[in-house]
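In what follows, a single structure is set out as structure tokens and then discussed.
Read the figures in this text as sums done on the coordinates, not as results from a lab. The structure presented is a predicted model; accordingly, all values stated were derived computationally and were not measured. Every residue, glycine as well, gets a Cβ built from its backbone with ideal geometry; the counts of neighbours run over all protein chains shown.
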Amino acid sequence: MSTNGSLNVLTAKDFANDLDVRWCPGCGDYSILAQMKKVLPEIGISKEKIVFVSGIGCSSRFPYYLSTYGFHTIHGRAPAIATGLKLANPDLSVWVITGDGDGLSIGGNHLMHAIRRNVNLNIILFNNRIYGLTKGQYSPTSRVGHKTKSTPYGSLDRPISPLTLAVAAEATFVARTADRNVDHMQQVLKRAAMHKGVSFVEVYQDCVVFNKGAFDYSVDKGVRDETTVHLEHGKPLIFGAKRDKGIRLRGHEPEVVNLSEVKEDDLLFHDEKCPDTVLAHILSRMSQPGLPEPMGVLRDIEEPAYEEQVIGQVNDTIARYGAGDLNKLYMSADTWTVK
Amino acid sequence: MSATTPQASPDSKPSIFEERDSVIVRFAGDSGDGMQLVGGQFTNTSAIFGNDVSTFPDFPAEIRAPAGTPAGVSGFQIHFSSHDIKTPGDDLDALVAMNPAALRQNLRSLRKGGILIVNSDSFGKNDLRKANYEVSPLDNDSLNEYKLVKVPMTTLNRDAVGQSGLSTRAADRCRNFFALGILYWLYDRSLDPTIQWIDDKFAKIADVAEANKRALKSGYYYGETAELLQSRYRIKPATDITPGVYRQIMGNQAVAYGLVTAAKLAGKDVFYASYPITPASDILHELAKLKNFGVRTFQAEDEIAAVGAAVGAAFGGAVAVTGTSGPGIALKSEAIGLAVMTELPLLIINVQRGGPSTGLPTKTEQADLLQVMFGRNGESPVPIVAAAYPSDCFTMIQESLRIAIEYMTPVIFLSDAYIANGAEPWRVPDFNTLPKIAVNHPKDAASDGTGGDGFMPYRRNDKLARPWAIPGTAGFEHRIGGLEKENVTGNVSYDPVNHERMVQTRQAKVDGIANSIPEQVVEGPQSGDILLVSWGGTYGAVSTACAEARAKGLSVAHAHLRYLNPFPKNLGDVLKRFKKVLVPELNLGQLWLLLRGKYLVDAKKYNKVQGMPFLVTELVAEIEKLAKE
């Protein structure tokens, strides 16, 4: 059993339990689970204070495979349930595990509101651009034209970008990583855990059964340097296997330029601390084909966490009026005595 | 201030007073006329005087329906009495109608010979047209059966308030106090409580305070000087009331106070998550004011988020509550099912209103019983408790929390628009005498032997309740969720036999609550010809009707249910002791269906679905009819 005293000796094993993991062989979820187990011992929070809350879907089975507290809830509602848990007990480190269907379709509203309130949650959205658990229907992030069981002639729905949604709701921490990019994922998860306020992380995750290879273009070693750009705070956006390309802003439009023709100083410099959301929005819209897709932290700003403010208001009221006295409350109206 | 207090007025002529046991009055006007406000003042003044009181506010769903039209009429009925009363009364002794629309909508409630006070200034052509009167009812003989008192309130009020420097429009806003003054004169009430209220309320706007006080006093003096009616009425303080200190309370307020009380009795704080909905919003408003009692309120983005947050807070160890009305319950159903599966203590408050769909948002109904009983997927038993009258909300919400924690289950608490908005005197309790609610969170693995690898989240006690181990407690880390649980371990299980066992266990747990609730009490004869069985806000009307029927020599008893799931253990026996059973409900027969299904009793039903409470007279008539069959 892990306690505060033995915190420094916890390892990934301490966060495993003895249940069989039941994702399909080769599923990207395994990698996310593995990276999470590696990160949890390193965030300085004892195991009993960590809670994983999930909705419904393949990704949402996640809490069952950890040895922390966990709550596998109902479809789309994990952000709301996690908000209540955090308000009841702000000392907990609460992680929300969701997917593109759970978080963006049935639970889109709750996701948006948890983000805009800046509840101190770590929301990890596994994006596989498909409904896996219901066996292969298109999702809100599926590309136009995607042929699935429910779209045999191709999807007509325009997809939503999870990052754009998070930025629009003014998430104070927004990042993207990918299942096969294990070191990167660990760094991003760690930063999400350290951020005070809501952290939103999109993870490109391969569904090997219903949408195999959906992210090959962005994670395969042979091509990923050309199709993604790694964001570094204060640094220009440079990418390419030979780091020979950069992103420059032309008006509001990002464009790819060749570094042999354009000076570094003229490139778009990343500023994750920018209070305004315009830059993060532009980054969140960059996608293939045409533009490299950003990986890493798009935005990381400081704002008061919601639950601290809620508790703060309670404490302020107590300081101002004194702790409530129920007998006085009962008498807080005109009274009369019957003899 | 030019006026003096009425009691000291040197011009006072000796009035003729008639004694009355009880009186029913109603203020009716446009929804912007402040009828609810003066109704509340009249209630408070009467209660302080020592009368028993019962009120019925009745208002439209629209905030400002077109002025002067029947759709915008707002009314406030007060029954005040020198003895114990349980309803706001049937027929009015006096009606104040501030315009023709109010007259049209309310005249049918005024008894023949009753006092009708109208603002004659508002019976102009336009006013009449908006209320669909071709000719003014004040000018023909259509109101001959009533004691009609025409008062040019607008003019008189402007004259009275004029000197306070308010605009005409602002002055007209004081008319409600002028009308209140007339009724205070008519029923010999003191102006002091209302003057005190005005001084407090408008402490920072002296001219408005002054204007309202002038309006109030002018109404009073006008009654006196103009000798509006030949006699005035006195209603002595009630004498058959349990001694104690009293105040006035409304149902929603009683829920809020009861919740804070229950949480303290459990050594916890309230977490209340809600989405605004009529007629439940006042619970949220009231609790939001009580933050210095540790209350955390959360106005969620929707009904689902509200119940979701409450489920999360329950997992986190809070006194977790969500409140709504029928449409909100529909949205919350799935999350209530999650609380059933995860066996978490959660309170769900349903302040019922007219349905289906948006229905009648501001009107009362009790048609959600089957919804809360059965409206979830799967076998999903949830205990149901219902308050009987406004102050009963205080008691029964505490009882709801006791059941939720003791049995680790969501509990549904039913109220309705009638008791939520109705006011009555409440004997103020002493917090220190209220029963504590025991809470046991497993904390120490070594001492209770359930921690570490040995902790089994679905190991049950003798009440079949599972342990409430909360996140943050080392050694009790566990996972719960909506998938079927393996008995004892709580691990996910698809085993067919286990599923059936768990379904049976959850049902047995809820059924077992019957062992912890009081046996059903019967008012009146303990066996005999007729038993009326009611639940919820109809208590006052049914109880009064039964008493009247007994006074007429009939053998009629009354069983009012506060526990609807499970029923009290002796209910089946109670039903068998009477030849006939009548179930009056403000729906099409929902409790009736449950009673027939469970007890195979040939109960009769009596139903009304008008968004209005029962009248005592109609219930008495139904009892008499049944007695003759």
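Which whole number gives the average count of other chain Cβ atoms within 10 Å of the Cβ atoms across peptide A:42-48?
The mean count of partner-chain Cβ atoms within 10 Å per residue comes to 2.
Given the alpha-carbon gyration tensor of the stretch B:167-217, what are the semi-axes of its equivalent ellipsoid in whole angstrom, ordered largest first, with each equal to the square root of 5 times an eigenvalue?
Result for the stretch B:167-217: semi-axes of 19, 14, 6 Å.
Where both partners of a DSSP beta bridge lie in the stretch A:214-339, what percent of those bridges are antiparallel, to the nearest 5?
Of those bridges, close to 75 percent are antiparallel.
So which lysines can B:LYS213 reach, going by Cα to Cα under 30 Å and dropping same-chain residues fewer than 8 places off?
List returned: A:LYS328, B:LYS13, B:LYS147, B:LYS150, B:LYS201, B:LYS204, B:LYS236, B:LYS289.
First measure r as the distance between the Cβ atoms of B:GLU379 and A:VAL278, then evaluate 1/(1 + (r/R0)^6) with R0 = 45 Å and state the FRET efficiency to the nearest 0.05.
After rounding to 0.05, the efficiency reads 0.25.
Set the Förster radius R0 to 41 Å, insert the Cβ-Cβ distance between B:ASN132 and B:TYR233 as r into 1/(1 + (r/R0)^6), and round the FRET efficiency to 0.05.
For R0 = 41 Å, the calculated efficiency reads 0.80.
Report, in degrees rounded to the nearest 10, the 0 to 90 angle that the Cα long axis of helix B:590-599 makes with the longest principal axis of chain B.
Here the helix axis deviates by roughly 40 degrees.
Can you give me the Rg/Rh ratio for the protein assembly as shown, using Cα atoms for both radii and the Kirkwood formula for Rh?
Across the protein assembly as shown, the Cα-based Rg/Rh ratio is 1.05.
Quote the Stokes-Einstein diffusion coefficient, in whole µm² s⁻¹, for the stretch A:229-339, based on the Kirkwood radius over alpha carbon pairs, a temperature of 4 °C and a viscosity of 1.567 mPa s.
Answer from the Stokes-Einstein relation: 71 µm²/s.
Quick one: if the Förster radius is 45 Å, what FRET efficiency do B:SER527 and B:ASP192 give, using the C-beta to C-beta distance and rounding to 0.05?
Taking R0 as 45 Å, the efficiency between B:SER527 and B:ASP192 is 0.35.
Can you give the extra length, in nm with one decimal, that the chain gains between A:ALA323 and A:GLU253 once fully stretched, where that is 0.36 nm per residue apart less the Cα-Cα distance?
19.6 nm
How much mean residue ellipticity at 222 nm does chain B get from its helices, if each DSSP H run of length 4 or more adds -39500 (n - 2.57) and you divide by all residues, to the nearest 500 deg cm²/dmol?
Helix-only estimate at 222 nm: -11000 deg cm²/dmol.
Starting from the Cα of B:ASP200, step 7 Å along the direction of its Cβ; do the same at B:ILE16; then give the gap between the two resulting points in nm.
3.9
What is the diffusion coefficient of chain B in µm²/s, taking the Kirkwood radius over Cα pairs and the Stokes-Einstein relation at 10 °C with a viscosity of 1.306 mPa s?
For these conditions, the coefficient is 60 µm²/s.
Of all beta bridges DSSP finds with both residues in the protein assembly as shown, what is the antiparallel percent, to the nearest 5?
Of all bridge pairs located within the protein assembly as shown, approximately 35 percent are antiparallel.
Take the Cα pairs of the stretch A:30-124, get the Kirkwood Rh, then feed it into Stokes-Einstein at 25 °C and 0.890 mPa s and tell me D in µm²/s.
Answer, rounded: 187 µm²/s.
Over 38 Å apart: what share of the alpha carbon pairs of chain A falls there, rounded to a whole percent?
So the portion of pairs separated by more than 38 Å is 21 percent.
Give or take rounding to whole Å, what are the principal axis extents of the alpha carbon atoms in the stretch B:67-205, in descending order?
Per principal axis, max minus min of the Cα coordinates gives 45, 43, 24 Å.
For the modelled label position 7 Å from the Cα of B:ASP462 along Cα-to-Cβ, which residues of the stretch B:554-574 have backbone nitrogen atoms closer than 20 Å?
B:569
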